[in-house]
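K.L.:
One structure coming up, written as structure tokens, with questions to follow.
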Amino acid sequence: EAKRHRDRGPVAFGDMIETADREARIMERALREALDRPGELSLVYQPIRDPRTGRLAKAEALARWTSPQLGPVRPDRFIAVAEQSGLIVDLGWRLFLLLCDDLERHADLVACFNVSPLQLLAPTFVPDLIGELGRRGIDPRRLEVELTERVLVDDPRLAAERLEELRAAGFPIALDDFGTGYSSIGYLRQMGFDTLKIDRSYVADLHDRIERQALLNAMIELAHALGLEVVCEGVEAEDDLRIVRELGCDLAQGYHLGRPMALGDLMAPCQGPARSVA
Ligand code: C2E
Ligand code: MG
Ligand code: MG
Ligand code: MG
């Protein structure tokens, strides 16, 4: 019985890889088609608020894809497929154009958008951004570029060059999901980030967890000592919000402060500057 199981092992594993592979190929083809068709891809926006007053400071643009064939696909799935296939460069550009449309429509929108390593490292990335914003008359300071620590891993020198180009053009730059990667906190200042987004694994569910609060406190103090603005991600409950406020976190993001939503809902007057959270 045990032997039979063992014998089947590698075969089943091989089948699994093949299935995952086929799935990725199907998704890649569907994604390629989505790039040529309007309407399948869209952006939603999640509020980033002052944890003391609830004021809306900025909003993170997040990609959504509903394929006629596959239905709604989770972003971490299709972004991963896009990165592996190289489609992320085209996809990222389409999403950037949608973001520009929204920035044109809402003069008081300040947005963050996610940029994958392959996009950043493309030689024309920064000139393309500058060109499009210039044509439309959009101020680059309204667009914060979010990068993860992964961009620093493959080619730190080229990444540093790109960051310098972005900074020179006036884009604020955030390090996303901090604490899930490899970079040291000293590196952050050196690379010229403006904002540190602390990953939600350090933030959610803080209540009654004194050690995790101490860790978060140390991260915030260190970031402040380096002159960085701190955003705490993953604020899911009133207790989380109270604690990040007490720890002096500058801005907060999470389901408790607002889910990703249509821009119209975020900017609607009844939604106000924010619900009061103080
Ligand atoms: P991210 O940039 O770290 O975005 C935050 C993710 O956390 C979003 O997931 C958001 O819905 C989720 N989130 C926000 N608040 C909470 C919370 O309180 N609790 C929990 N459990 N989750 C929360 P989403 O929209 O599924 O996006 C996942 C990832 O996909 C993003 O992580 C980002 O890495 C990537 N992504 C999304 N849009 C784009 C894009 O336009 N371009 C690129 N390159 N990547 C994107
Ligand atoms: Mg992000
Ligand atoms: Mg994040
Ligand atoms: Mg993330």
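The values are calculated or read from the model by the stated rules, or taken from the named source; none is laboratory data. Not measured: the values here are computed from a predicted model. Neighbour counts run over all protein chains shown; Cβ positions are idealised from the backbone, glycine included. We work out accessible area using only protein heavy atoms, side chains counted, and drop any ligands, DNA or RNA first. Shrake-Rupley method; radii C 1.70, N 1.55, O 1.52, S 1.80 Å.
K.L.:
Out of Phe125, Phe171, which single residue is within 24 Å of Ile220 (Cα to Cα) and crowded, with 17+ Cβ neighbours inside 10 Å?
P.N.:
The match here is Phe171.
K.L.:
Let me confirm something: among Asp76, Asp36, which residue is over 16 Å from the mean Cα position of the chain (by Cα) and either surrounded by fewer than 18 Cβ atoms within 10 Å (Cβ to Cβ) or closer than 27 Å to Pro140 by Cα (or both)? Step through it out loud before you land on a result.
P.N.:
Numbers: Asp76 fails: over 16 Å from the mean Cα position of the chain (by Cα).
Among Asp76, Asp36, only Asp36 is over 16 Å from the mean Cα position of the chain (by Cα) and either surrounded by fewer than 18 Cβ atoms within 10 Å (Cβ to Cβ) or closer than 27 Å to Pro140 by Cα (or both).
K.L.:
Still on this model: Under the condition of being open to solvent by less than 50 Å² (accessible area, probe 1.4 Å) and part of a helix (DSSP H, G or I), which residue from the range 128-141 is nearest to Arg49 (Cα to Cα)?
P.N.:
To start, the set of residues in the range 128-141 that are open to solvent by less than 50 Å² (accessible area, probe 1.4 Å) comprises 129, 131-133, 138, 140.
Those left that are additionally part of a helix (DSSP H, G or I): 129, 131-133, 140.
On the way: Leu129: 26, Gly131: 30, Glu132: 28, Leu133: 25, Pro140: 20 Å.
This residue is Pro140.
K.L.:
Also, I was wondering about something else. Restricting the search to the range 180-197, which residues are open to solvent by less than 30 Å² (accessible area, probe 1.4 Å) and touching a helix residue (DSSP H, G or I) at 6+ places or on another chain (Cβ under 6 Å)?
P.N.:
Ser183, Met191, Gly192, Leu196
K.L.:
Give the number of residues within the range 219-251 that are open to solvent by less than 50 Å² (accessible area, probe 1.4 Å) and part of a helix (DSSP H, G or I).
P.N.:
Of the range 219-251, the ones open to solvent by less than 50 Å² (accessible area, probe 1.4 Å) are 219-220, 223, 226, 228, 230-235, 237, 240-241, 243-244, 247-251.
Retained after the next criterion (residues that are part of a helix (DSSP H, G or I)): 219-220, 223, 240-241, 243-244.
So the count comes out to 7.
K.L.:
Another one. In this structure, is Val203 surrounded by 18 or more Cβ atoms within 10 Å (Cβ to Cβ), in contact (Cβ under 8 Å) with a residue 12 or more places away in the chain and over 23 Å from Pro123 (Cα atoms)? Give the steps one after another, and end with the answer.
P.N.:
Values: surrounded by 18 or more Cβ atoms within 10 Å (Cβ to Cβ): yes; in contact (Cβ under 8 Å) with a residue 12 or more places away in the chain: yes; over 23 Å from Pro123 (Cα atoms): yes.
Yes.
K.L.:
Given the conditions (1) part of a helix (DSSP H, G or I); (2) open to solvent by less than 50 Å² (accessible area, probe 1.4 Å), report the number of the one that Glu144 does not fulfil.
P.N.:
For Glu144, the failing item is (1).
K.L.:
Name the single residue, out of those in the range 172-209 being part of a helix (DSSP H, G or I), more than 16 Å from ligand 4 (Cβ to nearest atom) and out of contact with any strand residue (DSSP E or B) (no Cβ under 7 Å at 6 or more places or on another chain), that is modelled with the lowest pLDDT.
P.N.:
Once the filter is applied, the top-ranked residue is Gly186.
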